[in-house]
Amino acid sequence: MPDEEIQTIDRTQAARTIPAQARPAAPAPPQPTWLGPVLIVGIVLAALNLRPAITSLGALFEEVRTGLGMSGTVAGLITSVPALCFAVFGITAPRLSRRFGPAAVVCAGMAAVAAGLLIRPFTHGAAGFLAASALSLAGIALTNVLLPVIVKRWFPDRVGTMTGLYSMALALGTSLAAAATVPMTSALGGNWRAGLLVWAVLAVVAVLPWLPVAAAARREKRAAASEPAAHVRADTGPKIVRSRTAWALACYFGLQATGAYITMGWLPQIFRDAGVSASTAGVLLAVTMVMGVPLAFVIPNLAGRMRNQGAIAVALGLFGLVGYTGLHFAPAAGAWAWALLLGVSNCAFPLVITLIGLRAKSPAGVVKLSAFAQSVGYLISIPGPLLIGALYQHSGGWDLPLTLMAGLLVPQIALGVLAGRDRTIEDECGMRD
């Protein structure tokens, strides 16, 4: 028998002995040419809608509270609902993603955001308003978790660039809703219901590009399911809780979210107590938030080119330490400088979102890591603003709260260094790609 025939027989027999899971997956079907551009539009529109439900309400909160006859307790509950919803609903994202696919879940999430924003201006009681807000926040929570997965799945070679793009869109949506809600409400006759309803239009538009994307992803999933060799369960292997990097990312996420919520909730009051006018204090907060728009694009791109991102975490933390120190010693005299520095420091958010995409090898790993880091992180962030408020009330000033705010940056820097190391959760806890 010729040598060539013997080698062919040997290769055939060897292939039969290899388990199906170990064989190379069948090549993925070619993607439609329209899918990439539509996905980019969908990602940007989704990111634009991840915060207006919160910041538009913050701008009109006094009017909403008066109009619905909310008690102080209910009002306090509504301010704490976002982080709680992000934690509770975010943890369901991996299961939903495995069953329906991440694109379909993001599409449903955007629909939930739109539905909640459409319903809540027409409610006539605090309970209905809270339920409609929770519906929008549930959609935001799912999208929060799965956008890094979408980026990793469809743009694996451009994680930094795409993360920067949607982080910039998220920061823009946050700032736009905070700055434009009150003027738009005045232009619409001063009715807070009309001012909140405007943002539902943007959410409805965001659903549209995800409809064809979800349909294409569903067709691709059906094609992949027909190939036995390509089917590997996404949840095999040890639990993600065994990964030190996952815990470092989760705690880093929690501390940066704590700092962001404290800044958004209390920075204007710090300036006003120092003698800055109310209008100027509002502008200073807007400056802090707007800093996130350009830096949200720059930082992920920079992080994506580095093997170790710990240096960025250190730099961002040091900006925050200088900002809080300045607020302690000269809050009014250096107000603009401190607002800028804290705006830079708050850009730890686009960094940690980028790290989620870099610290996992596969889309399955990213969805696990994203859900874990964001759910645990948002739970960690819940007590921060409440504790700062209690310290402020108890001490009668800002010395003690500012000391705590600066002190929290020390473990945040350390955790950022740990999370920035060049390693993946799959390597740490034995998850399969």
Please specify each residue of the stretch 118-129 satisfying the condition of being open to solvent by 30 Å² or more (accessible area, probe 1.4 Å) and in contact with a helix residue (DSSP H, G or I) (Cβ under 6 Å, 6 or more places away or on another chain).
LEU118, ILE119
Can we say LEU409 is within 19 Å of PHE253 (Cβ to Cβ) and either crowded, with 24+ Cβ neighbours inside 10 Å or modelled with pLDDT of 90 or more (or both)?
yes
VAL159 fails exactly one of the following numbered conditions: (1) closer than 22 Å to ALA93 by Cβ; (2) at pLDDT 85 or above. What is the number of that condition?
(2)
When the stretch 355-365 is checked residue by residue, the ones that are under 13 Å from the mean Cα position of the chain (by Cα) and modelled with pLDDT under 90 are GLY357
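Here is a yes/no grid of residues against (1) hydroxyl-bearing (Ser, Thr, Tyr); (2) out of contact with any helix residue (DSSP H, G or I) (no Cβ under 9 Å at 6 or more places or on another chain); (3) surrounded by fewer than 16 Cβ atoms within 10 Å (Cβ to Cβ):
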| position | (1), (2), (3) |
| --- | --- |
| THR55 | yes, no, no |
| GLY67 | no, no, yes |
| PHE86 | no, no, no |
| ARG99 | no, no, yes |
| VAL105 | no, no, no |
| GLY116 | no, no, no |
| ALA131 | no, no, yes |
Scan GLY326, GLY320, GLY304, GLY343 and give me the residue that is at pLDDT 95 or above and more than 15 Å from GLN412 (Cβ to Cβ).
GLY326
Looking at LEU400, LEU386, which one is over 18 Å from the mean Cα position of the chain (by Cα) and free of Cβ contacts under 8 Å to residues at least 40 places away in the same chain?
LEU400
Provide a single number: the residues in the stretch 311-329 that are β-branched (Val, Ile, Thr) and open to solvent by less than 40 Å² (accessible area, probe 1.4 Å).
1
Scanning the stretch 348-377 for residues that are hydrophobic (A, V, I, L, M, F, W, C) and over 18 Å from CYS251 (Cβ atoms), which turns out surrounded by the fewest Cβ atoms within 10 Å (Cβ to Cβ)?
ALA364
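The values are calculated or read from the model by the stated rules, or taken from the named source; none is laboratory data. Because the structure is predicted, anything quoted here is derived from the model rather than measured. Please note: Cβ atoms are built from the backbone with ideal geometry, for glycine as well, and neighbour counts cover all protein chains shown. Only protein heavy atoms, including side chains, enter the accessible area calculation; ligands, DNA and RNA are left aside. Shrake-Rupley method; radii C 1.70, N 1.55, O 1.52, S 1.80 Å.
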